[in-house]
1. So for each of A:123-130, A:143-150 I average, over its residues, the number of other beta carbons within 10 Å; can you give me the resulting order with the highest mean first?
2. Pick from A:255, A:184, A:281: which is most flexible by mean-square fluctuation in a GNM of chain A where alpha carbon atoms under 10 Å apart are linked?
3. Give the whole-number value, in cubic angstrom per residue, of the convex hull volume spanned by the C-alpha atoms of segment A:70-112.
4. Which of A:12, A:192, A:245 moves the most in a Gaussian network model of chain A with Cα springs under 10 Å?
5. Which whole number gives the average count of other chain Cβ atoms within 10 Å of the Cβ atoms across peptide B:195-204?
6. With springs only between Cα atoms under 10 Å, which of B:92, B:263, B:45 fluctuates most in a Gaussian network model of chain B?
7. Of all alpha-carbon pairs in segment B:119-192, indicate the percentage at a distance above 16 angstrom.
8. Return the average number of partner chain Cβ atoms within 10 angstrom of each residue Cβ along peptide A:268-275.
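Values in this text are rule-based calculations from the coordinates and carry no lab data. Because the structure is predicted, anything quoted here is derived from the model rather than measured. Methodologically, a virtual Cβ is constructed for each residue, glycine included, from the backbone with ideal geometry; neighbour enumeration extends over all protein chains shown.
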């Protein structure tokens, strides 16, 4: 089996209320990664703005933009200039009153290779995403790029093995998750540690059961909850690159801006699937219940 | 939410070619667990015999027995005597020429509460299970016992998030895996470490994505491959009890017989599912592809 090595980069940083400054931070990270020969850069979820979903405020829809739009244009130019693939999570305005949490894939020629619209939408104290984002209607389809088929998913999708499996079955060679997740200060230190560990571990699980590398890029910093409902979110960073056997190849700190770099061998997937051929033995005759809400 | 605490035990030991001695080792472990107040005991996969699937030999069908049969009778008596639930993995003879890898659940009154017939059957050098075991036809149905609904699965099922999810959707309160897995001496130490780590991690992933505790009971010891195809299997033990947040609560050694005990609070599942309500947001409208062999 032939090796297929690619260098990947993840840009982890804090966000402010100034979208231009946030975009500049993402661009600086992309350039830093490019200087090291990186071929693919994953940005964090909604990297252009603070995590506005802590409150339900119609004014925040002003942060949305069309796809294609100003940010995809700017990042497309950058992708073409630096000859790399960029995965950029954006607040997409599809129409008046219709918005998505969308990840756009820009190929090395600057074109939009494809999009993924977040399918699983959370809604919890501090994460009022059902107010802002209509659930995706593009399904679980990898985006074909010059580097291969990318299984782009977003944040809450991380907890769903169904999403990872559907991408793997559609030929994804890599799973990628832009993310915005952090701690609630009202939780104990033990609980906080378990939550962060669970977040890494469930993604390692997706890597293992599909024999695919996984990239997750999360933000850092504390952002206040202006509704006063919670004490705000302390985003836990910890962006990571996970190998196809579930091994953590690289991981960023919980509190430092970082451009995390790693090299992956996409050829490893076939090697692993020959040794542990999970796809061979799936009992598709007995999986009907996965389409039920509950089997009661 | 009310706590629902149960004490569980896992009996990890080496097996010989003497089924009576193996059963005696399992029984000794069950009694040891009972002495500590354990209410549920999980035995390792095919605990009555050596792992005969290393070779394809029709003589090994002599190891199979009916269910109910002599071993379920003996363990049923023990369950009633000690007032605990026993999950016993057996080589089931269903008819001449029809055999399964079956886990039988014996309730505290000694009755057979139900069975699970291994659904995903591996077949790899050292693990020729497709020769011996017809894939299960009971589906993914938890077994209802006096302690709750048990999501009993077996070994190779461990790698399939579909199996864990189906059990969770059918109301399982606990996932349990009798197991026989180990190292091939031809692999490097690094590879061996990654494999064992992947085995624990993928199960932690099932715990996390379903907010359910997971028990896995594996054997220890080296067993030779009489076909000479491989250097045999060094079973890696490492039986473990995993909490509903994916935390490892207890883990046995790789090379020591051990009766591993832990206390679980089954009430934790509802608490976790309120905080991270994964079941609420499943996109059952978009999961059809999970029933496909490959989405090509």
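1. Numbers: A:123-130: 17.4, A:143-150: 19.2.
Going by the mean number of other Cβ atoms within 10 Å, highest first, we get A:143-150, A:123-130.
2. Top of the fluctuation ranking is A:281.
3. Here the figure is 51 Å³ per residue.
4. Among A:12, A:192, A:245, the largest GNM mean-square fluctuation belongs to A:192.
5. The mean count of partner-chain Cβ atoms within 10 Å per residue comes to 6.
6. For chain B, modelled as a Gaussian network with Cα springs under 10 Å, the answer is B:263.
7. Working: 1529 of 2701 pairs.
Percentage above 16 Å: 57.
8. The per-residue average across the peptide is 1.
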